[in-house]
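Read through the structure below, which is laid out as structure tokens, and then see the notes.
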Amino acid sequence: MSTISTRSRDRKAQAARAQQASASAPTPDAPAHAASELPARTWHIACGAILLVAALLRVYQLAINPLHHDEGVNGFFLLNLMHSGVYHYDPANYHGPTLYYFALPLTYLLEHFHQLDTWALRAVTAAFGVGLVWLTLRLRRWLGAIGALAAAALLAVSPGMVYNSRYFIHEILFLFFTLGIVLAALRFYEGAAQPQTLTRPHLNDHTTGLVAACAAGALVCVTYAATRGIDSPTKFWALLTLILAALVITVGALWAYDGPRASYLLLAAVSTGLLFATKETAFISLVTLILAVLIAWAYVGLAKLLRKPPKQSKKRRAAQEPQTTEWQQFIARSGGWGHLALLVFIALAVFLFVNLIYYSSFFTNPKGTSDALEAYNIWSKTGQSDFHRHEFHTYLVWLWQEEAPLLILGAFGTAVAVLRARSRFAIFAGAWAYGILLAYSLVPYKTPWLQLNAVLPLAIIGGRGIEWLYRRGVRRLYLRWLALALLAAALGVNLYQTYQLNFVHYDDDRYIYVYAHSTRGYLQLFDQIAALARRAGTNFDTQINVASPDYWPMPWYLRDYKHVGYLGHLAPTSDALIIINVNQRAEAETLLGAQYQEVGTYPLRPGVTLLLYARRDLATP
């Protein structure tokens, strides 16, 4: 018969076994002496140097490159959010709202002090670019000290990573959240659940978990109700109070239920939510990550079964107890299947909460949550665009042209991982790199910034390859020097290409990452407009008629002018300045006659040239 005392002893024994499983469980694929490879001082100096280089490459002369067409559109959305306080997600744009909300605090502050500039617009992506390098350094436990430093350094000077970190588009935020999922999931896997039975023997093990799950469910329900529309201030404050209360209870009960490990579960759920709220291609990345985990688990497990065990005496074999698998150890230190089921439910609720918040534009756009699903249908049609259609092997060609060191080191690291078949993380990183490359290659729609989804894991597995070679130098010193020489050569090549791409040929479309980009001569158009506005004495009150059908990113550069019309075609007008496409010149001369004079010619991007006309009284000093 079970008594209170025996049940108490059983609970304590169960908690002790969970703690023992946590203590004896291997840190997943962590190098045996990763923490002692480099002195702490050396490690911190190296990390600081890499982050400093990454920051300098991303912020130096940040506004030198004219805005791309897409940057102009994103800047327009951000300006609307700043001025009206509302952002309505448009599925036709097929990119999520996170970029604008993360950029809003800095740009709103600078706008208030009349200091908003292109540099501020791109500062958010530059910051996330540096953050991506920092997250890579946090993989030291799985890459080793040299491997983490190598991977972070490769990302710090990668031509594509630097170029797109200096670009106000969604891709760098997307990569940051992807790596955030990976890192948080690894940390969660390592951690042990809170031993409830040792601290609260009078409570059922799942009581706090059920409280957290119920609060998480209520959080989603109340948030969804808020996204359907709020028609009065009283209703707004009531729903907001309920949302905050549900959120606080969810986090508090989850921490009590699962211990410090709960923070990593929340980070993984929030990162996943932000990933889906950033770009519609999130499902490709998430499916690839899941498949990579399954491949790594199955491959290493099969290799262990096929690997010949060391010879042991019969007496020693008989004395050995049956060993549990790593998965069984994870379940044990997590408190069992019921515990994990509640955690999965809570994580899913947090994921939905994040998406509801962002796609509803913080409750100001009820239609945004349904539009988020419509975006996938629109994207599938956009993916068939002839302009962006490329052959299957295009990404391999582009990677070889711009990221050859990463492609080579990534292949080397993957080959080492596959042949050794000992590290699940290494197999995972290799499967991630080539899985995501295959997934995007199968899609006809291809752009240079999408290949960055492969560049990230290629750098990680490349760093792991350098780590393996460096370690073998413990017995063969020349291998250690070879590892450092390979890394130095890769960094040297990438750094040279990064300099050429980002500071010399940043608008040269012969470079892969310069994709239908605005040319530097385009900026002279706005200098000329400013000069003519000063001459007229009207400054920002100058009337400007944009008759060219191609004008983005012009609204960003003309944001301070109060009287700008984007007609997209020529019409009779008396405006001070008129901007047309070169193909409209004959029509302009007929329509405008002698009243206007051509002031200058300005290349917008390859194949698009703009002409500026001014009233003759302004054009002539």
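The values are calculated or read from the model by the stated rules, or taken from the named source; none is laboratory data. Because the structure is predicted, anything quoted here is derived from the model rather than measured. A quick note on method: Cβ atoms are made from the backbone with ideal geometry, for glycine too, and the neighbour counts reach across all protein chains shown. What goes into the accessible areas is simple: the full protein's heavy atoms, side chains included, and nothing from ligands, DNA or RNA. Shrake-Rupley method; radii C 1.70, N 1.55, O 1.52, S 1.80 Å.
Quick rundown of the values:
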{"item": "Using a Förster distance of 45 Å, the FRET efficiency for ASP90-ARG475 (Cβ separation, nearest 0.05)", "result": "0.15"}
{"item": "Reachable aspartates and glutamates, given that their alpha-carbon falls under 17 Å from the alpha-carbon of LYS279 and they are not under 8 places away in the same chain", "result": "ASP70, GLU71, ASP90, GLU171, ASP371, GLU374"}
{"item": "Per residue value of the accessible surface for the stretch 133-247 (all protein chains in place, 1.4 Å probe), Å²", "result": "34"}
{"item": "Counted charge near ALA126, where neighbours are those whose Cβ lies closer than 11 Å (Asp, Glu -1; Lys, Arg +1)", "result": "+3"}
{"item": "Under 20 Å from LYS304, Cα to Cα: aspartates and glutamates that are on another chain or at least 8 residues apart", "result": "ASP29, GLU321, GLU326"}
{"item": "Computed label-point distance, nm, for sites VAL504 and ASN583 using a 7 Å Cα→Cβ extension", "result": "3.5"}
{"item": "Gain upon complete extension [GLN597, GLN524; 0.36 nm per residue less C-alpha separation]", "result": "24.5 nm"}
{"item": "When each of LYS235/LYS367; LYS235/LYS562; LYS367/LYS446 is checked by Cα-Cα distance, pairs over 26 Å", "result": "LYS235/LYS562; LYS367/LYS446"}
{"item": "Rough spin-label spacing in nm, given labels placed 7 Å along Cα→Cβ, for ARG228 and LEU52", "result": "5.7"}
{"item": "Convex hull per residue volume in Å³, alpha carbons only, for the stretch 507-617", "result": "88"}
{"item": "Fully extended contour minus Cα-Cα distance, from TYR566 to ARG422, at 0.36 nm per residue", "result": "45.7 nm"}
{"item": "Ellipticity estimate at 222 nm from DSSP helix runs (n ≥ 4, -39,500 (n - 2.57)) divided over the chain, nearest 500", "result": "-21000 deg cm²/dmol"}
{"item": "Relative intensity, log₁₀ I(q)/I(0), of the stretch 209-293 from a Debye sum that treats every alpha carbon as a point, q = 0.11, 0.16 Å⁻¹", "result": "-0.42, -0.80"}
{"item": "Calculated FRET value between LEU482 and LEU286, using beta carbons and R₀ = 30 Å, to 0.05", "result": "0.20"}
{"item": "Share of carbon and sulfur in the accessible heavy-atom surface of the chain [1.4 Å probe, %]", "result": "64"}
{"item": "Accessible area of ARG585 in the full protein assembly, 1.4 Å probe (Å², nearest 10)", "result": "80"}
{"item": "Option label - Rg and Dmax of the Cα atoms in Å computed here, alternatives (i) 28.3, 138; (ii) 35.0, 135; (iii) 28.6, 107", "result": "(iii)"}
{"item": "Near-label residues of the stretch 72-112 by backbone N, under 13 Å of a point 7 Å along Cα→Cβ of PHE236", "result": "85-86"}
{"item": "Two-site FRET efficiency, ASP541 against PHE102, from Cβ-Cβ distance with R₀ of 30 Å, rounded to 0.05", "result": "0.35"}
{"item": "Solvent-accessible heavy-atom area per residue, rounded to whole Å², over the stretch 470-621 at 1.4 Å", "result": "50"}
{"item": "Where labels lie 7 Å past Cα in the beta-carbon direction, separation of PHE113 and GLU374 in nm", "result": "4.1"}
{"item": "Potential lengthening between THR207 and ALA489 on full extension [0.36 nm per residue; Cα-Cα distance subtracted]", "result": "95.8 nm"}
